[in-house]
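The values are calculated or read from the model by the stated rules, or taken from the named source; none is laboratory data. No experiment lies behind these values; they were computed from the predicted model shown. When we count neighbours, we look across all protein chains shown, and the Cβ atoms used for this are built from the backbone with ideal geometry, even at glycine.
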Amino acid sequence: MKSANSGFVESVHLFRGIAALMVVVDHLFGWFPLPLLDPVIAVIGGHGKLGVAVFFVISGFVLPLSLGPLYRLENVPRFLLRRAVRIEPVFLVSLIFACVLFGVKTRLASNGVPWVPDFGQLAAHLFYLIPFTEHEWLNAVYWTLAVEFQYYLVIGLSFPLILAFGKKSPRFAALLTPILFSLLVFPAVSLPQVELLKYSPYFALGLLGYFLHQKQISLGAALIVGALCLVPGFVTELQTHHLLVAYASLFLMVCWRAPRLRMRWLGTISYSLYIIHYPIVDFVNQAARGKLTGDLAWLLYAVPVLNLVLSFAAAWLLYRLVEKPSQSLSRKFRRKS
C-alpha cells in the first residue's frame with residue numbers, strides 16, 4: 001500500500017472522514033421541527049446512507065490490500081484476531097456507553113418503562129447476531145458493523161482462492177471476481193439475515209479497486225467492470241444515486257492524488273465518531289423533546305450544534321483512550337512475510 005506521501009492513503013483517509021461526517025450530520029436532524037433550517041435539512045437530509053455506501057466500498061478495497069499477496073488459508077485465524085483487536089475494544093466501550101445512556105434515558109422518561117439489560121440481547125451484540133434473533137440493536141449504526149463482520153469472514157476465507165485465480169489469469173480474475181461478487185445481491189431476498197448479500201455491489205466495487213491498484217486491470221476496463229457491478233444493484237432495491245456515488249467514490253479514491261489536508265484528523269477519528277455519536281444524539285434529543293417549548297423553543301436550534309460538539313469530544317476521547325492503543329496492538333498480529 002502506498003505511503004501517505006504518495007496521496008493514496010490520504011484519499012482513503014479523506015473519504016472515510018467525509019463518510020462518517022455525512023452519517024453524523026444526517027442523524028442530527030429530524031427529531032423535532034426546525035422550520036428555519038428546512039432548506040438546509042432538505043439538502044443534507046437522508047445522505048447518511050451515502051456515507052455508509054462509501055464505507056462499504058472502502059472496506060471492500062482496503063481489506064484485500066491489507067491481506068497482501070502472500071495471504072494463505074492458514075492465516076485466517078490471525079487475520080480475524082487482528083481485526084478483532086483493532087475493532088472490538090471500541091465496539092465494546094461504545095456498547096457499554098449505549099447501555100448506560102439507554103438505561104438513564106428510560107428511567108428519566110415520565111411514562112416510560114425502565115430498561116433492564118437482556119443478556120441474550122447483549123450476547124447477540126457481541127457476535128453480531130442481532131439479525132438472526134428477535135432483538136434490536138442498542139445503537140442504530142451497529143447493523144453496519146454486522147455487515148462488515150460478514151465481509152471479514154467471506155474475504156478472509158475466499159481471498160486465497162482469489163489470489164490463486166489471479167496468478168493463473170490476472171486480467172481474467174480482475175474482470176470476473178468483482179462481477180461475481182456483485183451477483184451475491186440476488187440471494188439476499190432468501191437470506192435477509194446475511195445483509196452482506198444485499199450490499200455486495202458496494203464491496204464488489206471495493207474489490208475492483210484492489211485489482212486496479214494492483215495494476216491487474218486498466219482504468220478503462222475497470223470503468224466498464226464497475227458499471228457492470230452496479231447492474232445487480234439497479235435491479236434490486238439499492239438506490240441508484242447511492243450506487244453512482246459509490247462508483248464515483250471508488251475511482252476518486254484510487255486515482256486521485258489527494259493532498260494532505262489539515263482535516264486529516266477527521267479520517268483518523270472516523271470509526272470512533274461513527275460508532276459513538278448516535279447514543280449521544282438520541283439521548284440529548286430525547287431530553288430536549290417536550291421540554292424546550294414556548295419561550296424556550298428557540299433553544300431547539302442549538303441542540304444539533306450541542307450534539308455535534310459532544311459527539312466530536314466523545315469520539316476524540318474514545319480514539320485516544322481506546323482506538324489508538326487497539327491499533328498499535330493489532331499491528332503486532334500482522335502476518336509475517
Original post:
Before we move on, is residue 30 within 24 Å of residue 142 (Cβ to Cβ) and at pLDDT below 80?
Top reply: no
Subject >> Residue list for region 41-92, restricted to those being β-branched (Val, Ile, Thr) and under 23 Å from residue 22 (Cα atoms) >> reply: 41, 43, 44, 52, 54, 57, 58, 62, 87, 90
Subject >> Unique residue being loosely packed, with under 15 Cβ neighbours inside 10 Å and over 22 Å from residue 48 (Cα atoms) when the list is 225, 189, 231 >> reply: 189
Original post:
For region 192-222, how many residues are among the small types (Gly, Ala, Ser), surrounded by 12 or more Cβ atoms within 10 Å (Cβ to Cβ) and without any contact (Cβ under 8 Å) to a residue 60 or more places away in the chain?
Top reply: 4
**OP:** Confirm whether residue 239 is farther than 23 Å from residue 155 by Cβ and surrounded by 14 or more Cβ atoms within 10 Å (Cβ to Cβ).
**Re:** yes
Original post:
What's the number of the condition residue 68 fails, among (1) free of Cβ contacts under 8 Å to residues at least 12 places away in the same chain; (2) in contact with a Lys or Arg (Cβ under 8 Å, 6 or more places away or on another chain)?
Top reply: (1)
Original post:
Looking at (1) β-branched (Val, Ile, Thr); (2) surrounded by fewer than 20 Cβ atoms within 10 Å (Cβ to Cβ); (3) modelled with pLDDT of 90 or more, can you tell me which one residue 293 breaks?
Top reply: (3)
**OP:** Considering only region 76-95, state which residues are under 17 Å from the mean Cα position of the chain (by Cα) and over 16 Å from residue 328 (Cα atoms).
**Re:** 91, 92, 94, 95
**OP:** Taking the options 192, 259, name whichever one is out of contact with any Pro (no Cβ under 6 Å at 6 or more places or on another chain) and over 29 Å from residue 68 (Cβ atoms).
**Re:** 192
Original post:
Can residue 265 be described as under 30 Å from residue 226 (Cβ atoms), among the aromatic types (Phe, Trp, Tyr) and at pLDDT below 95?
Top reply: no
**OP:** Select, from 196, 230, the only residue that is within 15 Å of residue 246 (Cα to Cα) and part of a helix (DSSP H, G or I).
**Re:** 230
Subject >> Flag for residue 238 being out of contact with any Gly (no Cβ under 6 Å at 6 or more places or on another chain) and not in a helix (DSSP H, G or I) >> reply: yes
Original post:
Which of the residues spanning region 164-182 are within 26 Å of the chain's Cα centre (by Cα) and surrounded by 19 or more Cβ atoms within 10 Å (Cβ to Cβ)?
Top reply: 174, 175, 177, 178, 181, 182
Original post:
Which of the residues belonging to region 201-258 are basic (Lys, Arg) and over 22 Å from residue 169 (Cβ atoms)?
Top reply: 257
